[in-house]
Every structure is written in C-alpha cells, then in structure tokens.
Amino acid sequence: MSTSIKLQLLIVTCVNIGQIIVGYSVGWSAPIIPKLQDAEQSPLPAPITDLEASWVGSLLYIGSMSGPYLTAALANVIGRKPCMFIGASMNILAYVLVVTTQNIAMVYAIRIISGFGMGISVVGNIVYVGEIASTNIRGILLTSTSIIGIFGTLVVYAVVPWVSYVASGYIALGLSVAYVLGIIFIIPESPVFDIMKDREVKAIKTLNQLGRSDEVEKFLDTYSKKRYEETNKIKDWVEIFTIKSNRKSLIITFLLGTFQQLSGVAVVLFFSTTIFELAGSSIRPDVATIIIGVTRFLSSLIAPTFVERSGRRILLLISMAACSVSLTILGVYFYLDRIQSPILSSVGWLPLVALITYFFCYEAGFGSIPNAIVGEMFRINVRSNGSALAITMTWLVGFALTTSFTTMVDALGGDVTFWLFGASCIVSFLFTFFCLPETKGKTLQEIQDLLS
C-alpha cells in the first residue's frame, strides 16, 4: 500500500471518529431513557414522564435540521475543516452538559446541541471525504462514513446500558476531543477549497501528499475561483420549484425520505430498549438492543455490494416489502400481548426476530438508497440547497413521529402503531414501483434529462 493511500486512510479514520459520535448521538436515547425513568440511576430530581421521554428522543431532530444549512452556508466561505471543527465543538458542549446534568431542561439542550453538531458533521464529513479521496477508492471511503455511523450506534447499545448516565457522557466526550485533535493536527484543508480561494500552491502540495499529482491540472480547471463567483442565491432557491426536473427531484426525495421515517426506523432506534420493555419479551431489553445494533452494522457491510449489482429500484422494493412483513409480525405480537393470548409465553423471542429482520432488510436498501438518490437528483446549481431542503423536511417528519410515539402507543396500542408503520412500507413500495426512475449507470445529466 502506497504512502499516499495510507495518508488518505489515516485522514478518513480521523473523519470517521466524528461519524462514530454521530451514531452515538442517534442511539444515545435508547439506553438512556430507561435510566432517566429510574430514580436510582437518573441524575434528575425525579424520574421523567412518558411525554418527557418522547422529547428526549425527538429533540435531536431540532438541531439536526439546522446543521446542514450552516455547513452549506459556510463551507465555501471559511472552509471544510473549520466547519468540521464547529460540529466537533458542538458535540463537546453537548457531552459536557451530560456529565453536569441537573434538570430535564439540560437533557433537552443536550439533544438539540448534539443534533446541531450531527447535522453539521454529517454534511461536512461527506463533502470533505468526497473531495480528498482518490477516484479508485472514493466509493469505499464514502461508504465507510455510513458504516462507521452505524458502528457508533452499536457502541451505545453495547456499552451504555452497563455504565452510569454520567459515564455515557465521558465516553462521548473522549471521542469528541479525539476528533478535534484529529482535525487540528492530521486533517488538511480540502484542496478544492484552497483552489477556490486562490491558494493553488497549498492545494497542489496537498494533492501531491494524497498521491493525486496527476489530477492537479483537472482540479485547477474545475475548481478555479472564476467558476465560483457569487451567483444569484435567490434564483437558485426559486429554480428548485420552477424547473420541472428539480421540482420532481424534490418530490421524489422528500417522499422517499418521508416513507423512510414512516417505516418507524427513528422510533425503533430512539426507543428500542423501551419497545422491548413494552413488549414484555422473554429476552432482556438491553441484550436485544445490542443484537439489533450488531445486525444493523453487519447488514450495512453487505448493502453496498447489492446496490452495485442490482440497481436502486429492485433493492428498494425487496427491502420495503420485507420491512412491511417484519413490522406486521411485530404488531401481531403486541396484539397477542393485548388480548393476553396463552401462546404469548412460547413466542417471547418474536419481537427480537421481527426487529432483526426489519433492520437487516432496512439497512440493505431502504436505509441507504434514499440518501444516495438525494445526491443524484438535483441540478448542479441547486444540489446543495435542494438536498438540504429534502433532508430537513424529512427530519421534520421524523421529529413529529418520534414526539408522538408514546402517545400513539397509549391511544392505539403497540399492535396498531406497528401495523401503521408496516402499511407505510406498502405505500412506499407502490410509490417506488410506479414513480421512481432507475438511476443506476446513468450520469447526473442523463438523470436530469429523464426527469425533464
């Protein structure tokens, strides 16, 4: 392995520490909510209510919806590296609040601030890795950011149930400090940004270190300052809605993201431990949550291979159908529990099997492909704006769903709640079958021509 490839791997390893924190923040509420509901483990004066638990799970979305816009606004002004530093600093602040928590308002602030850091980091990390990676390994390195994020959630599931609330903050705080040190001492500024700011000597030096010296002329031609002169920002926003291909892109990406949220994935991630407690499963909730985390991680390793071989549509259709079946089965278990069926004691394993199946199939298609499609759909001049808009609209749906989850369970029961999630997967199947074009093997321009 060449020295330049080793350097790229080292840089992406540092970036992926930030992705671990992203995954950690996503999964943190699952094992933490039971601690906050336990007077002996909670740092709060009193155990939290079900409504407060819903806010602990869902407030992550409030911060994460604004983070991408900050990255989009600043990335071409102050650089990719400072944006990553801002995201890391937000995470440090959030987990300092964890180790000093005294009231529920501080817990709410933790979720909003860590969500803000997550939104900044997700966009900043992906943009940065895409710009520094060599063409022949770019796909692998970009895919690694998603896989490592899932690994971060697995770390939460495997470790946090066994440590105190405060210790969960120290773990994330240590990771956040390591991420900051990596940004300061190892991660260079993106050569794309340096060229945009007329720092060509610095950019060429970085490209040479990365083993991309043969691409210097192409970089200088593609990213020179004259190509990034100030444009009409208002016009770019207007064109999302006035140009047919952009308008269709927004509808497709938003609906796919909405169906993704309506499948209940955020609910299961945020409340997985609580779900097993509600189900009265014979398998310990904390152990079941760890098994789910391992399933997500392993299935995420398999998904990229399927995407390249099968195309987007067929993999999405299979994934959506399987998710619907598994959620329906989970609903059946809750129904048996509600009517106190005598067979319940012999199927205590069913919730775990249903959720393992759900997450395996979800991560193999439904969980990854909509995000990839977002990056393929919009015209170049509105791609960052359109992507941010589609993602934040989707997260808004997720916020509403996670906030109302405990209310849905109380009002409808766990059976009807998960049957509704399963039904949404059927609707998403029909939408994908009739409305989603296949984008595999097509250039971005060919996709725009197809949508037009």
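Side notes on the structure shown:
- Restricting the calculation to alpha carbons of the chain gives Rg and Dmax of 22.2, 75 angstrom.
- Nearest-ten-degree value, helix 233-242 long axis tilted from longest Cα axis of the chain: 60
- Sum of -39500 (n - 2.57) over DSSP H runs of 4+, divided by residues of the chain (222 nm, nearest 500): -26500 deg cm²/dmol
- Coarse-grained scattering of segment 1-114 at q = 0.18, 0.19, 0.20, 0.21 Å⁻¹, given as base-10 log I(q)/I(0) from a Debye sum over alpha-carbon atoms: -0.93, -1.00, -1.07, -1.14
- Helix 383-435 axis versus longest C-alpha principal axis of the chain: approximately 10°, rounded to the nearest ten.
- For segment 78-89, Karplus couplings with θ = phi - 60° (6.51, -1.76, 1.60), whole Hz, Gly/Pro x: 9, x, 6, 4, x, 5, 4, 5, 4, x, 5, 5
- Placing +1 on the Cβ of every Lys and Arg and -1 on the Cβ of every Asp and Glu, with no other charges, gives segment 113-220 a dipole of roughly 160 debye about its Cα centre.
- Gain on full stretching of the segment that runs from F241 to E200 - 0.36 nm per residue minus C-alpha separation: 11.1 nm
- Estimated at the nearest 10 Å², the accessible area of L173 is 30 Å² with a 1.4 Å probe.
- Based on alpha-carbon atoms, the Kirkwood radius and the radius of gyration of segment 89-147 give Rg/Rh equal to 1.20.
- Accessible-area value, V166, 1.4 Å probe, nucleic acids and ligands omitted, Å²: 50
- Surface accessible to a 1.4 Å probe, K205 within the full protein complex, Å²: 130
- 0 to 90° range, to nearest 10: angle between helix 60-74 axis and the chain longest Cα axis: 0
- Note on the chain: dipole from Cβ charges, positive end direction compared against G174, I110, F434; the farthest Cα belongs to F434.
- Under a model in which nothing but the beta-carbon of Lys, Arg (+1) and Asp, Glu (-1) is charged, the chain shows a dipole of about 960 debye around its Cα centre.
The values are calculated or read from the model by the stated rules, or taken from the named source; none is laboratory data. Remember, it's a predicted structure, so these values are computed and weren't measured experimentally. Methodologically, a virtual Cβ is constructed for each residue, glycine included, from the backbone with ideal geometry; neighbour enumeration extends over all protein chains shown. Remember, those area values only see protein heavy atoms, side chains included, never the ligands or the DNA or RNA. Shrake-Rupley method; radii C 1.70, N 1.55, O 1.52, S 1.80 Å.
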